[in-house]
Structure formats: C-alpha cells, structure tokens
1. Could you please find all residues in the range 87-137 being open to solvent by 40 Å² or more (accessible area, probe 1.4 Å), more than 23 Å from ARG48 (Cα to Cα) and of a type in the set (D, E, K, R)?
2. Would you please list the contacts, defined by Cβ atoms under 9 Å and residues six or more apart or on different chains, that run from a residue in the range 20-35 that is over 8 Å from LEU5 (Cβ atoms) and open to solvent by 40 Å² or more (accessible area, probe 1.4 Å) to a residue that is aliphatic (A, V, I, L, M) and assigned to a loop (DSSP other than H, G, I, E, B)?
3. Which of (1) under 24 Å from VAL176 (Cβ atoms); (2) modelled with pLDDT of 95 or more is the odd one out, the single condition ALA90 does not satisfy?
4. Of the numbered conditions (1) among the hydroxyl-bearing types (Ser, Thr, Tyr); (2) open to solvent by less than 10 Å² (accessible area, probe 1.4 Å); (3) out of contact with any helix residue (DSSP H, G or I) (no Cβ under 8 Å at 6 or more places or on another chain), TYR180 fails exactly one; give the number of that condition.
5. Could you tell me whether any residue of the range 102-114 is touching an Asp or Glu at 6+ places or on another chain (Cβ under 7 Å) and touching a residue at least 40 places away in the same chain (Cβ under 8 Å)?
6. List every residue pair whose Cβ atoms lie under 8 Å apart, where the two residues are 6 or more positions apart in sequence or sit on different chains, the first residue falls within the range 125-148 and is acidic (Asp, Glu), and the second residue, located anywhere, is crowded, with 18+ Cβ neighbours inside 10 Å.
7. Could you list, in sequence order, all residues of the range 1-14 that are touching a helix residue (DSSP H, G or I) at 6+ places or on another chain (Cβ under 8 Å) and open to solvent by 90 Å² or more (accessible area, probe 1.4 Å)?
Amino acid sequence: MSEDLYKRLRELGLLGLAARLDELGGEPWLERVIAIEHEERQHRGLDRRLKNSRLGRFKPMADYDWSWPKVVDREAIEDLFRLAFVEEGANIVIVGPNGTGKTMVAKNLAHAVIRSGKSARFITASAMLTELAAQDGVAALRRAFRRYTSPAVLIIDELGYVAYANRHADVLFEAVNRRYENGRSILVTTNRSFQDWGELFPNATCVVPFGRPPRPPKRDHRDRRRVLSPQRGPGAPPKKENVSPASMVIVSPSDHARCSPRAPADSALLADSARIQGAANTLVTT
C-alpha cells in the first residue's frame, strides 16, 4: 500500500508528501488530498488539450442529420468513435461534397480523442500549408512543424478547395512523413474525388496510398471503403468510383504501395518531396 501511495504522490508531483510518507502514511486526509490533486490535474489537462486543439465551436453528433446525406456509412462513422485508429496509428479520409457534415464529424472525433486523454489539433489545409510555407529559417520551420507533428491526431480539414504550389506540397509531405515515422494518425476531410487529387498539386507525378502504420494494425483496414444507404445493406461497396452528390465515404486503407506515375489510389495526399532522397516531384501518402 505504501509503495502504491508513494508512486501516486510522485506521479502527481507531490514530492514533499512522498518524501515523508513513512510519517504521514496513516493520516486519514492523505487519500483525499491525492484524489483532489488527481481530479484537478485531469481538469487542467483537458482544458489545455481543448485550447491547443483549436477546435472552436461545433455541434455534437447527437445533432447530426443522418437522413440528409443520401449515402452515408453510419456504421463506419460510429466505428471511428471507438478510436481504434488512434491506437493503430491509422489514417482516415472522409470524402463528400459541401454540406454533408464532414467537418462536424471530424471535430467530434477530435473532441472524443481529447476526452480520452490524448491530444488533437484541428486545422484547415490552407491555413496549415500557408503557415508552414511562410516560415523563414530552420528554427521557425521546426517550431511550426512541431505544432502539427506532436498531437496524437491531426485533423486536416477542407483539402481540395484550392490548388497548391510546390512549396505547399513540400511542407505537406514533410508533415505527413514525420507523423508516419512516429505512428500518429491523420484525419483528412475533402470534397474532391480521388481521381481529381492530382489537380491540387499539378506538378506531382506519383501517387502512393496511405501507408501502413509503423506498428502492426490490430485489425484489418485494408482498402476499406464502405457505404451504407437505405436501399443497400451495411458493408456493401459503392456502385461508382466517383463520390456522388450528397454522399459521404469513409476510407481507411493500410497497405503501403510502390510509387507509380499517376497511379490511381483510393486515398492519397500529394506532395513535392524535393528534399526527400533527391526526388523532385513525388506524390506521397503515409
């Protein structure tokens, strides 16, 4: 019992009490002090993670209108809230046109991650790439990258609304690659069908699907692309490759693939990797 109390006091930073545990171990108020300190640390940690996440205001999933998207895989979306993809370091892409609730789902997932005790950061693709590309100097760029590589989950919203220059592609690849190396998840929302992603980075010449996380996945996400509609059963594949109007698709592939020029990929982030192994124009996802 005294060893357990000593460990808990050390973890809470109550070093003075830990040092005098032999003297104070029998005091009836000690457990209450530990409980109060633990609760306060939990609250402060939650407030800090929420502040750093930049989530802003959002509606809860209880307000999501499941009847509005004509095609939506409710089972896949609800499965994401188990947060298994965070533990696996898997990446998720939510595809659908404007107004189908992609951002709402993404923000609620980020909030669930934060409440679970992990960190998350929400940012639009344009804001993140503009910030990273504008950094002048190695130190400034390193600090900027840290903001997007340290959270357990990075949510990149609205990828696909504008085309990006080579510099933006370069920093996107670097951010994605750093997160891949650390086994940290990325969640992307986009309104563009996958075959149109090449237009976002016109100079990119190679496509690689989102790769396998560094740790072996606990369950198979390979090329999962499920759609649920009232006329079709759960788990049925989509009839068309294109994302139809008012539909939402969840994609979570996990296999790494060889880089092939303009190869079709269900899930792809595009990037110019001039600094990676001397390749001038490489389209990569991890």
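1. Across the range 87-137, the qualifying residue is only ASP136.
2. VAL33/LEU14
3. Single failed check for ALA90: (2).
4. Unmet for TYR180, out of (1) among the hydroxyl-bearing types (Ser, Thr, Tyr); (2) open to solvent by less than 10 Å² (accessible area, probe 1.4 Å); (3) out of contact with any helix residue (DSSP H, G or I) (no Cβ under 8 Å at 6 or more places or on another chain): (2).
5. yes
6. From the range 125-148, the pairs are GLU131/ALA144.
7. Hits for the range 1-14 are TYR6, ARG10.
Here is a yes/no grid of residues against (1) surrounded by fewer than 17 Cβ atoms within 10 Å (Cβ to Cβ); (2) more than 12 Å from ALA112 (Cβ to Cβ):
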position: GLY45; (1), (2): yes, yes
position: ASP65; (1), (2): yes, yes
position: VAL71; (1), (2): no, yes
position: GLU75; (1), (2): yes, yes
position: PHE81; (1), (2): yes, no
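The values are calculated or read from the model by the stated rules, or taken from the named source; none is laboratory data. On a predicted model such as this, the values are computed, not experimentally measured, just so you know. Note that each Cβ is placed from the backbone with ideal geometry, even for glycine, and that neighbours are counted across all protein chains shown. These area figures cover heavy atoms from the full protein model, side chains too; ligands, DNA and RNA do not enter into them. Shrake-Rupley method; radii C 1.70, N 1.55, O 1.52, S 1.80 Å.
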